[in-house]
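The values are calculated or read from the model by the stated rules, or taken from the named source; none is laboratory data. It should be emphasised that the depicted structure is a prediction, and the values quoted were computed from it without experimental measurement. Heads up, the Cβs are rebuilt from the backbone with ideal geometry, glycines too, and the neighbour counts pull from every protein chain shown.
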Amino acid sequence: MSTIAPRPGDPEINDALVREHGLSDDEYASVLRILGREPTYTELGVFSVMWSEHCSYKTSRIHLKTFPTDGPRVLQGPGENAGVIGIGDGLGICFKMESHNHPSFIEPYQGAATGVGGILRDVFTMNARPIALLNSLRFGRPEHPKTRHLVEGVVAGIAGYGNCMGVPTVGGEVAFHGCYDGNNLVNAMCVGVVEEDRIFRGIAAGPGNPVLYVGSRTGRDGIHGATMASDSFVEGEEGNRPTVQVGDPYTEKLLLEACLELMKEDSVVAIQDMGAAGLTSSSVEMAGRGGTGLRLHVDRIPRREDGMTPYECLLSESQERMLIVAAKGREDDVRQIFTKWDLEAVVVGTVTDDGMWTIVEDGVEVASIPVGPLTDEAPEYDRPRAEPADLAARQAQPELPAVGDCNEVLLQLLASPTIADKRWVWRQYDHMVRLNTLVRPGAADAAVLRVPDTEKAIAVSADCNQIHVKADPYEGAQGVIAEAARNVACVGAEPIAVTDCLNFGNPERPEVMWEFERAVTGLGDGLRALGVPVVSGNVSLYNETDATSIHPTPTIGMVGLLESRDDAVGMGLPADGGELVLLGSPRPSLGASAYAIVCHGVEQGAPPKVHWNEEKALLAVLHEGIRRRFIRAAHDAADGGLAVALAEMAITGGRNPDVGPGQGCEVNLAANPDPIARELSLFGETQGCAWAVVPTSHLADLLALSQELGCMARHCGRIGGDRIVVTDAHQTRAIDLSLAEARAAWEGGFCASVGLPQPPVRD
Amino acid sequence: MKFGIVTYPGSNCDHDAYHVVKHVLGCDATFLWHKDRDLQDVDCIILPGGFSYGDYLRCGAIARFSPITEEVARFAQHGGYVLGICNGFQVLTEAGLLPGVLRTNSQLKFICEDASLVVANGHTPWTVLCPETVVAPIAHHGGCYYADEETLGRLEGERQVVFRYAQRDGTETDEANPNGSLNNIAGITNARGNVLGMMPHPERNAESELGDASGAWIFRSIIHSFLEGTRA
């Protein structure tokens, strides 16, 4: 092994410094073994970030291996910058979701903005043109003093970055819960389109090939961001500001256009964005995949400020930077394109065949680490798991007295911030740029985008019900998959692939690790039942503040395919009428429901179970019924049960598939008139159910199709009037509410709860 | 008829405008790069939406200095048709091709949603074929039109106000004004009428898949006007 003299001015390596870098005794022993000597300060920093939870997945890897990742459509599975699923016509959909939780809590605008910037780079680095962004957000209680500030900052940050990039933000979800008071979640997803034979990967091949640094200059921002993301929060220590990066979406827009222009040619061998752990992880991962080495001259890195050490340059998480391996002799072709877009492109090193990751400063080696061990021998833990002591209590069915007035219950649910209209949020996102948005936010369970230059469209949705997952991680996680699949099916799409973003608490707590393992198993079993693979994902652990972990929040980003984009439907009741059919067999439960939380302040009980045979039959009826034009609108039952789903269809009705002024309806739910049984059937949460709107002339067709595909279907009522009316088995009106009243509750609920000015009512 | 669509660094609706004039309306179209001076014999120039040069300064303030903008100004002075949409409108005011300024929205937030516009002057080259109202989405943070009293009086007197924010039925109300623009102004022309600036995006509602397609009438109007002009 080579010996490397300590760099003058660098701190001396000692136990305290090693601990500060988050390396355990065992991990540090591995470092000594791999190097055959003591590391330099620079090398210590490199091991620290590469072996951080965020970069190495050391805790989660052993469980993630159980996910189904194969399938006939998979063009690129997990392990690259993003996954790719084929949709025919020589095209693939490239997508991934990633968390930016900790930075967004410390500095909501920049934290959220750079989360969007990072996920965009992951997609366009594969040579995919980004066509949509989504996000899944979790905040603390609306009345918590910090919540309003965080909501405003995070939403503005997402808007600021995505809008400037000219990539529409078309969907997502926002929910509130006390478990996020000290640790909000910001999960951003990007979806792009790529030609299947032009997918670029981050594999550093061809010794002698030059390595180019392109994009923004390197500053001191974000040093050890990956390490921060691998630790818990303690109240009062948010002052970690230097580790939050600052975004520059304008530069990223230039970088996007320059990279896509560059990848039209054959001068690029490999390309990878600099995300978490910056230059270190991008270069190490590229060399690792290529089985090669890299020799980088750190003094050539374009810098924002003088006096930066190799340690700082390598660990900086400055944004809007990429690393490119070019074909030898083609450096000028690369430079020419970047110059056109006013960006820097500098040769900073070469690919080598010695398997070493070597960093040189002014001719002196400051780090030299074997690539294989650095990536392959990253620690992997099977951390202890223990069933939480309170699990039985969590799942005990709560005793809930009937509220009695179902109109009142419905209004309360519609106005609750997690269910209420999120127009205040998505109005700030440019959701139409690039002219592909066929079904807009708020108009359906999933957004629908046309795939340019084809007849096809994709449906995209991001989902997680963390109340269900907390109550029963295995069943709840299956429910997340089922709901995401229903959401894309309700607009007419077939679910084809997912990305995941697994947000959990401190994995060093056995009960959190138990939740993680159960949830991952539930997701995997659900996906296997559906036959849908995971193609990309991200894990965010240590979401804990003052020793309290968040609810397990495994967010799923689902992509569905519509062979014909003309088929897409929304959820609003059409103004020209039709029949309402309930698809599926409701098995309502008030445990772990929005009703129990909102109306009774009780979070307890087992979540509704998924019955995959029924669920798949429902998906088939939705997909086929929409394709054959029997179904004109559809919406699945989720938070708040069948009554809330129906009310949402009525409130947004009138201009399907866009959000309209509203459209009334009258349905019979044949519910038992006993008050609590009635509330159970109206507001109980269930898997496997959706409302479908069918023209009277096709009612028999839809019922026949449902029977053929093995899905229960019941004709319950019809569209008409300006009220939402639900009768029970005795033909008594359980709900009889004017559209105006329901709409006011739903449209005003979010802003009233969070304390924000409500946007003017839409025309 | 040939359209030229300017690409500034940070333009992001350039491809949308190109798509609509080329694939929806069947015209020739070409991109005009901000560093170039060659207008490639186009008959109408579109300054598209986006964030030219990042708009970290006042929106459009840097774009006015780019080489292509100087050529666009010359083209406009000779009577060429120029349409500035959103950021393009901001650039036109900064470059002095249209009067007034666009301030930050009165609610201080970016707003993206459909806007109904009443056509306040149907006798411009841009509106001859338009129905009484058109729908065009807005997507901006700085779309609040402002001009001093004298300028505003002249714009109104000379009927240079072409589009105003309105209810769907065409009624102009305060509620229908999304950004606080004076007199509900959504789009204006210069005195000669060959330069139009508008904050709403007609290209986003030019296809029936994306809305009622009424935004296409603005493009059809200018194509019609151009063809009439060449015939005359």
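One table, with the values for the structure above:
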item: Selection from segment B:135-146 of residues that are under 29 Å from residue B:224 (Cβ atoms) and away from every other protein chain (no Cβ under 14 Å); result: B:145
item: Count of segment A:746-762 residues which are within 14 Å of chain B (Cβ to nearest Cβ), in a loop (DSSP other than H, G, I, E, B), of a type outside the set (S, T, N, Q) and within 28 Å of the chain's Cα centre (by Cα); result: 3
item: Qualifying position, being within 14 Å of another protein chain (Cβ to nearest Cβ) and either in contact (Cβ under 8 Å) with a residue 24 or more places away in the chain or of a type outside the set (Asp, Glu) (or both), among A:743, A:733, A:655; result: A:655
item: Segment A:187-205, residues that are β-branched (Val, Ile, Thr) and either buried (at least 20 other Cβ atoms within 10 Å of the Cβ) or more than 25 Å from residue A:290 (Cβ to Cβ) (or both); result: A:191, A:193, A:194, A:203
item: Members of segment A:524-544 that are among the β-branched types (Val, Ile, Thr) and within 18 Å of residue A:473 (Cα to Cα); result: A:539
item: Residue A:717, sole failed condition from (1) of a type outside the set (D, E, K, R); (2) part of a helix (DSSP H, G or I); (3) over 36 Å from the mean Cα position of the chain (by Cα); (4) closer than 16 Å to residue A:578 by Cβ; result: (2)
item: Failed criterion for residue B:62 (all others in (1) modelled with pLDDT of 95 or more; (2) surrounded by fewer than 23 Cβ atoms within 10 Å (Cβ to Cβ); (3) not hydroxyl-bearing (Ser, Thr, Tyr) hold); result: (1)
item: Given (1) over 30 Å from residue A:72 (Cβ atoms); (2) part of a helix (DSSP H, G or I); (3) touching a helix residue (DSSP H, G or I) at 6+ places or on another chain (Cβ under 8 Å), number of the condition residue A:582 does not satisfy; result: (2)
item: Matching option when the condition is over 22 Å from residue B:220 (Cβ atoms), away from chain A (no Cβ under 14 Å) and in contact with a helix residue (DSSP H, G or I) (Cβ under 6 Å, 6 or more places away or on another chain), among B:102, B:47; result: B:102
item: Wholly within segment A:603-685, helices (runs of 4 or more DSSP H) carrying at least 2 residues that are within 25 Å of the chain's Cα centre (by Cα); result: A:612-627, A:641-651
item: Strands (runs of 3 or more DSSP E) fully within segment A:429-490 counting 2 or more residues that are within 14 Å of chain B (Cβ to nearest Cβ); result: A:437-439, A:447-450
item: Candidates B:57, B:32 - the one that is more than 9 Å from chain A (Cβ to nearest Cβ), out of contact with any Phe, Trp or Tyr (no Cβ under 9 Å at 6 or more places or on another chain), not in a loop (DSSP other than H, G, I, E, B) and not aromatic (Phe, Trp, Tyr); result: B:32
item: Counted residues, segment A:529-555 - those being out of contact with any Phe, Trp or Tyr (no Cβ under 9 Å at 6 or more places or on another chain) and part of a helix (DSSP H, G or I); result: 0
item: Residues of segment B:186-211 that turn out to be in contact (Cβ under 8 Å) with a residue 60 or more places away in the chain, away from chain A (no Cβ under 13 Å) and either surrounded by fewer than 22 Cβ atoms within 10 Å (Cβ to Cβ) or in a strand (DSSP E or B) (or both), as a count; result: 11
item: Qualifying residue in segment A:172-186 (condition: among the charged types (D, E, K, R), crowded, with 24+ Cβ neighbours inside 10 Å and either free of Cβ contacts under 8 Å to residues at least 24 places away in the same chain or more than 14 Å from every other protein chain (Cβ to nearest Cβ) (or both)); result: no
item: Residues (in a helix (DSSP H, G or I), of a type in the set (A, V, I, L, M, F, W, C) and under 30 Å from residue B:7 (Cα atoms)) located in segment A:247-298; result: A:254, A:255, A:256, A:258, A:259, A:260, A:262
item: Strands (runs of 3 or more DSSP E) contained in segment A:306-416 and holding at least 2 residues farther than 30 Å from residue A:28 by Cβ and at pLDDT below 95; result: none
item: Options B:108, B:83: the member that is without any contact (Cβ under 8 Å) to a residue 60 or more places away in the chain and either of a type outside the set (Val, Ile, Thr) or under 29 Å from residue B:39 (Cβ atoms) (or both); result: B:108
item: Search result, residues across segment B:163-185 that are assigned to a strand (DSSP E or B), away from chain A (no Cβ under 11 Å) and among the aliphatic types (A, V, I, L, M); result: B:185
item: Some residue of segment B:54-73 being under 30 Å from residue A:424 (Cβ atoms), in contact (Cβ under 8 Å) with a residue 24 or more places away in the chain and under 14 Å from the mean Cα position of the chain (by Cα); result: yes
item: Where a residue in segment A:1-20 is in contact (Cβ under 8 Å) with a residue 12 or more places away in the chain and its partner, wherever it lies, is acidic (Asp, Glu), with Cβ under 6 Å and at least six apart; result: A:4/A:365; A:13/A:38
item: Criterion: more than 14 Å from chain A (Cβ to nearest Cβ), closer than 29 Å to residue A:320 by Cα and aromatic (Phe, Trp, Tyr) - qualifying residue of B:89, B:110, B:75; result: B:89
item: Verdict on residue A:107 being modelled with pLDDT under 95, surrounded by fewer than 24 Cβ atoms within 10 Å (Cβ to Cβ) and over 25 Å from residue A:483 (Cβ atoms); result: yes
item: Residue satisfying all of: in segment A:126-171; polar (S, T, N, Q) and in a strand (DSSP E or B); nearest to the other protein chains (Cβ to nearest Cβ) among these; result: A:169
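Yes/no per residue for (1) buried (at least 20 other Cβ atoms within 10 Å of the Cβ); (2) within 17 Å of the chain's Cα centre (by Cα); (3) on the phi > 0 side of the Ramachandran plot:
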| residue | (1), (2), (3) |
| --- | --- |
| A:504 | yes, yes, no |
| A:522 | yes, no, no |
| A:541 | yes, yes, no |
| A:575 | no, no, no |
| A:579 | yes, no, no |
| A:583 | yes, no, no |
| A:586 | yes, no, no |
| A:597 | no, no, no |
| A:600 | no, no, no |
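Yes or no, residue by residue, for (1) farther than 20 Å from residue B:203 by Cα; (2) surrounded by fewer than 21 Cβ atoms within 10 Å (Cβ to Cβ); (3) of a type in the set (A, V, I, L, M):
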site: B:119; (1), (2), (3): no, no, yes
site: B:126; (1), (2), (3): no, no, no
site: B:140; (1), (2), (3): no, no, no
site: B:148; (1), (2), (3): yes, yes, no
site: B:165; (1), (2), (3): no, no, no
site: B:171; (1), (2), (3): yes, yes, no
site: B:174; (1), (2), (3): yes, yes, no
site: B:181; (1), (2), (3): yes, no, no
